[in-house]
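Data block below; observations after.
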Amino acid sequence: MSKSLTTINGTPDRFPHESNDCSVRALANCLEISYATAHKMLAKHTNRQTGRGPDLVSLHKLLKSLGFNCTALGTTYTARHLKLKDSTVKHSTKGATLGSIVPTIKGNAYLIVRGHALAVRDGVAYDMGWDISARLPVAAIYK
């Protein structure tokens, strides 16, 4: 298996001085909406501040309200936390990495790894257009 996963830059319209906006980019790419629309949604529904990531529980509630179902993977803190906060979360104790999960996804999905989020559309990862480690454990998949 390759050590890195090349991503496609799916948000060329991102705000130039924004940072820590992976959740915004992932939402925009997953829903195929503009960066500005995703930015407003996260600010409104998760109280996301510019330059900071959203609260995990608020993000989870937003994604569920948009019709996504969550599967938590492995024993990461994020997976355990989501399962404790919401009994409807499917949980698989078997972990998976980006490299093993991304190629198998059909349709659109929002993935959470430790400290990062990205979108996948039909087996292609959308992030910033750079390589990320294919060995990163996936904590949650929203489809």
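Quick note: the coordinates plus some simple rules give every number you see, no bench work behind them. Everything numeric here is computed off the predicted structure, so don't read it as measured data. All Cβ positions, glycine included, derive from the backbone under ideal geometry; neighbour counts span all protein chains shown.
Placing a label point 7 Å from the Cα of Ser133 along the Cα-to-Cβ direction, the residues of region 54-98 with a backbone N closer than 12 Å are 98. Based on Cα contacts under 8 Å between residues 6+ apart, region 1-67 shows a relative contact order of 27 percent. Under a 5 Å amide H cut-off, with hydrogens placed 1.01 Å from N, Thr97 pairs with Val138 among residues at least 5 apart or on other chains. Rounded to the nearest 500, the helix-only mean residue ellipticity at 222 nm of the chain stands at -9000 deg cm²/dmol, with each DSSP H run of n ≥ 4 adding -39,500 (n - 2.57).
Determine the equivalent ellipsoid of the chain by diagonalising the alpha-carbon gyration tensor, then write out the semi-axes as square roots of 5 times the eigenvalues, largest first, rounded to whole Å. Don't jump to the answer; show the numbers that get you there.
Numbers: eigenvalues 90, 73, 33 Å².
Working through the eigenvalues yields semi-axes of 21, 19, 13 Å.
The string of couplings for region 14-23 from the Karplus curve (6.51, -1.76, 1.60, θ = phi - 60°) is 5, 5, x, 9, 7, 9, 6, 10, 4, 5 Hz, one whole number per residue in order, with x for Gly and Pro.
Computed over all pairs of different Cα atoms, the Kirkwood value for the hydrodynamic radius of region 57-108 is 11.9 Å.
Dipole check for the chain: with +1 at the C-beta of Lys and Arg, -1 at the C-beta of Asp and Glu, and the Cα centre as origin, the magnitude is about 500 Debye.
What does the net charge come to around Leu111 if you take all other residues with beta carbon closer than 13 Å to its beta carbon, with K and R at +1 and D and E at -1? Please list the in-between numbers first.
Numbers: positive: Arg25, Arg114, Arg121, Lys143; negative: Asp127.
Taking every other residue near Leu111 into account, the sum is +3.
For Asn108, the residues whose modelled amide H falls within less than 5 Å of its own, excluding neighbours fewer than 5 places apart on the same chain, are Asp122. Relative contact order, whole percent, for region 8-143 stands at 29, derived from Cα pairs under 8 Å and 6 or more residues apart.
Given the Cα-Cα distance of Lys94 and Asn20 and 0.36 nm per residue of separation, how much length would full extension add, in nm? Please report the intermediate quantities before stating the final value.
Numbers: separation 74, 0.36 × 74 = 26.64 nm, distance 2.87 nm.
Residue separation times 0.36 nm, minus the Cα-Cα distance, leaves 23.8 nm.
Each label was represented as a point 7 Å from its Cα along the Cα-to-Cβ direction; for Leu84 and Asp13 these points are 3.9 nm apart.
Sequentially through region 65-76, phi angles give Karplus couplings (6.51, -1.76, 1.60; θ = phi - 60°) of 5, 8, x, 7, 9, 9, 10, 8, 10, x, 10, 5 Hz, Gly and Pro residues having no value and appearing as x.
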